[in-house]
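J.: Before anything else, here's the structure in question.
None of the figures in this text is laboratory data; all of them are computed from the coordinates on show. Note that the structure is predicted; figures quoted are calculated from it, not measured. Positions of Cβ are generated from backbone atoms using ideal geometry, with glycine treated the same way; all protein chains shown enter the neighbour counts.
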Amino acid sequence: MSKSVSVCQRKSSRCLKIPLKSTEQIYLVFLIPTLVNCIVYIIHFSADLVVAIQHFREHNPVWGSCTLSLMYAPAIVYFILTISRPDWWMTDNDKLTKGIFIWLFIQICQLIGFPFFALYRYAGLIVMAVDAIILTGEKRSKTLNISSAPAAIELYFFLQAWFQAAPQAIFQTHLLFREYTVQRSFQSISVHVLCILMSVVILAIETTSFQRFESQRINGRKLPWAMWLKKYCIKELQYLEEKTPLQLSNVTEDNNTAANNSKEESDQRDENVNKSTEQKTETEAEAATVTLDRQISVTPPLPPKNAHVTPPPTPLRGITTVVSLPVPDVPAPPRPDSIVKTSENQDVENSKSISIIEPNQKLTNSNQSLIFPKRKHSTKGLDEDDPVGKFLSFLWWFFFILARILTISIFYEFYPYYLLGALGIHYIIMLIYLFYYTSYYDVITFFINLWLGLVYIISMIEYKIKFKYADKWLLPYYIFIIIQNTVFTLTWYFNAEFDGFWYNYALCTIFISMALCISSTIVYHVLFKPKKRRIYSS
């Protein structure tokens, strides 16, 4: 039951700072987003397919082939990633019932007919959301738990944004402005524009979902496709939590060796005098061996010697007198956080006797350990956005990406080399930031950073690297992109030679989109930005 409750707690339980009932939470967090994503996927796939067919009918087989290749690009990348590590993506049920060959055959079928598997995923989520609305109690919690469990197909949806939607939007926008002189029907142009807008919507949805993913991951959010993450992270956490306490014998040994070297000469002088006493102490130690083991004390520790102690009030002169007490010349009693353990061969009567430890006697017990207080390390995490905050964040990124894609596509038509140079400098700056803040380096991280540098040309996501200063880092990026869009747009508008309605329309669309982007960003950060939480590591 606790697991299902934790799944519900990770999702937003408020809308406009008003607590939601469980049924309202299912509608706003589970059912409606799934329906919207399913409709967007169907329209996006249909628009891309129709545009590809139109390119072939207009005797442009190269453009039609490129459009189809971009449609299959995320499915191909997903197929390569899954078959390269079957132990990560095969469930225990697949290993027992299907085997590696049947699982590989299913992956090939999924590569060929990827739209049907995507729709099957959406259909399952819709059915489970409706069941959760009908059910109550523990059955509802179990249904939501199954609905939010990681699935491998979620990786395909993530790759679709960056391997299909982003290049498809730029490519089709470039072709739309390139073919403005060709006679085309209104239906053909409408489908072409719809293809571009749906690609921007897909990009905005995934950017909204992953804009602060690593910060939300600290607060309990799970990776949607990490089927292998649970068993591997459990082993890793068990390995990290095995911490041995500091041994006191190693500390006291070094201190005792230094003290013995300084007192070596004085011990040689008193060797003959204390010979008889040492023999007596050795025989007594053999008769009753006493070891002191430290344990975690439930009593407060003793104050240090140099602690400031408030003296008692001064007595009235002539009425009372205070006589100073001499310091007792006896050994100090044992500490309250020490227990006495006797050897196995000692009798019961000897265990009850009290042994006095001489001041010069050394404690040479290897089992002694000292537990020091440890500092709790903490990191800041974020809550997930509420439904209204997600919608505003989607609007923010939709207008941001729309203006960015229009700017890049049109500027490439007039000044391709200047655009490639500017984007190359932008890419290098992003790589410097990524590699500087990378916590560890390996081959996979290297290629992921190269891919993230390309993603940061169009939008910004917090994936595989946690922003150290998110607000301070996002604002310069935001301003840098807006300045780039403004300079590129004004350059081709005042210096390039163009003819057609699309260019004037694109100019107005770019600046209106940037204005709406800035306004939605301000409203989001002022009213709907999720709160930060400090998470303490165990």
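J.: Run the simple label-point estimate for Ala515 and Leu135 please: 7 Å along Cα→C-beta, distance reported in nm.
T.: A separation of 5.1 nm, rounded to one decimal place.
J.: If R0 is 60 Å, what FRET efficiency do you get for Ala226 and Val330 from their C-beta distance, rounded to 0.05?
T.: On the way: r = 65 Å, r/R0 = 1.09.
Calculated value: 0.40.
J.: Provide the per-residue ³J(HN,Hα) series for segment 429-439, in order, calculated from phi with Karplus coefficients 6.51, -1.76, 1.60 and θ = phi - 60°, each as a whole number of Hz, with x at glycine and proline positions.
T.: 5, 5, 5, 4, 5, 5, 6, 6, 9, 6, 6
J.: Please label the shape of segment 427-538 as rounded, prolate or oblate, based on the square roots a ≥ b ≥ c of the eigenvalues of the alpha-carbon gyration tensor (a/c under 1.5 means rounded; beyond that, a/b larger than b/c means prolate, else oblate).
T.: Values: a/c = 3.34, a/b = 1.60, b/c = 2.09.
It comes out oblate by the Cα gyration axes.
J.: Also, quick follow-up: List every residue whose amide H lies under 5 Å from the amide H of Asn60, counting only residues 5 or more places away in sequence or on a different chain, with H placed 1.01 Å from N in the peptide plane.
T.: none
J.: Under the 0.36 nm per residue contour assumption, what length would be gained going from the current alpha-carbon distance of Ile80 and Thr438 to full extension?
T.: So the chain would gain 126.4 nm between Ile80 and Thr438.
J.: Determine the alpha carbon to alpha carbon distance for each of Lys17/Lys472; Lys98/Lys139; Lys374/Lys472; Lys11/Lys376; Lys380/Lys466; Lys376/Lys468 and list only those over 21 Å.
T.: Exceeds cut-off: Lys17/Lys472; Lys98/Lys139; Lys374/Lys472; Lys11/Lys376.
J.: Just to check I understand the Karplus step: with θ = phi - 60° and J = 6.51 cos²θ - 1.76 cosθ + 1.60, what whole-Hz values come out for segment 402-415, glycine and proline as x?
T.: Karplus-based 3J(HN,Hα) across segment 402-415 equals 4, 5, 5, 5, 4, 5, 5, 5, 6, 5, 5, 5, 9, 10 Hz.
J.: Please give the FRET efficiency for Ile535 paired with Ile102, using the beta carbon to beta carbon distance and R0 = 41 Å, rounded to the nearest 0.05. Each step should come with its number before you reach the end.
T.: Numbers: r = 42 Å, r/R0 = 1.02.
Between Ile535 and Ile102 the formula returns 0.45.
J.: Students often get this wrong: which residues of segment 390-408 have the backbone nitrogen under 17 Å from the point 7 angstrom along Cα-to-C-beta of Tyr463?
T.: Output list for this probe position: 394, 397-398, 401.
J.: Once you charge only the Cβ atoms, +1 for Lys and Arg and -1 for Asp and Glu, what is the size of the charge dipole of segment 77-183 about its Cα centre, to the nearest 20 debye?
T.: Working: 8 positive and 7 negative charges, 16 e Å.
Charge dipole, segment 77-183, about its Cα centre: 80 debye, nearest 20.
J.: Can you pull out the chymotrypsin sites (Phe, Trp or Tyr not before Pro) in segment 410-500 that DSSP calls coil and that have at most 10 other Cβ atoms within 10 Å? Spell out each step's value before the answer.
T.: On the way: sites: Phe411, Tyr412, Phe414, Tyr417, Tyr418, Tyr427, Tyr433, Phe435, Tyr436, Tyr437, Tyr440, Tyr441, Phe446, Phe447, Trp451, Tyr456, Tyr463, Phe467, Tyr469, Trp473, Tyr477, Tyr478, Phe480, Phe488, Trp492, Tyr493, Phe494, Phe498; in loops: Tyr437, Tyr440, Tyr441, Tyr456, Tyr463, Phe467, Tyr469, Phe498.
Those that pass, being in a loop and sparsely packed, are Tyr440, Tyr441, Tyr469.
J.: From the Cα gyration tensor of segment 1-140, with a ≥ b ≥ c the square roots of its eigenvalues, which class applies: rounded if a/c is under 1.5, or else prolate if a/b is larger than b/c, or else oblate?
T.: Values: a/c = 2.97, a/b = 1.45, b/c = 2.05.
The shape class here is oblate.
J.: Then there's this: Would you calculate the separation in nanometres between label points at Lys472 and Phe447, each defined as 7 Å from the Cα along the Cα-to-beta-carbon direction?
T.: Label-label distance for Lys472 and Phe447, simple model: 3.5 nm.
J.: Pull up all non-local amide H partners of Ile535: gap of 5 or more, or a different chain, and H-to-H distance under 5 Å with H placed in the peptide plane.
T.: Amide H neighbours of Ile535, under 5 Å, 5+ apart: Thr379, Lys380, Gly381.
J.: Would you please name the trypsin sites (Lys or Arg not before Pro) within segment 431-507 that are DSSP coil residues with at most 12 other C-beta atoms within 10 Å of their C-beta? Show your work: numbers first, answer last.
T.: Details: sites: Lys464, Lys466, Lys468, Lys472; in loops: Lys464, Lys466, Lys468.
Answer by residue number: Lys468.
J.: How would segment 78-221 be classified by its alpha-carbon gyration tensor: rounded, prolate or oblate, with rounded meaning a/c under 1.5 and the a/b versus b/c comparison settling the rest? Could the numbers behind the result be given before it?
T.: Details: a/c = 2.11, a/b = 1.62, b/c = 1.30.
Taking the square roots of the gyration eigenvalues as a ≥ b ≥ c, segment 78-221 is prolate.
J.: Please give, to one decimal in nm, the separation of the simple spin-label points placed at Arg217 and Tyr427, each 7 Å out from Cα toward the Cβ.
T.: About 2.5 nm separates the two model spin labels.
J.: Another question about this same structure. Test of understanding: what is the full-extension gain from Arg375 to Asn93, defined as 0.36 nm times their sequence separation minus their Cα-Cα distance? Can you show the working numbers first?
T.: Working: separation 282, 0.36 × 282 = 101.52 nm, distance 4.28 nm.
Between Arg375 and Asn93, full extension yields 97.2 nm more.
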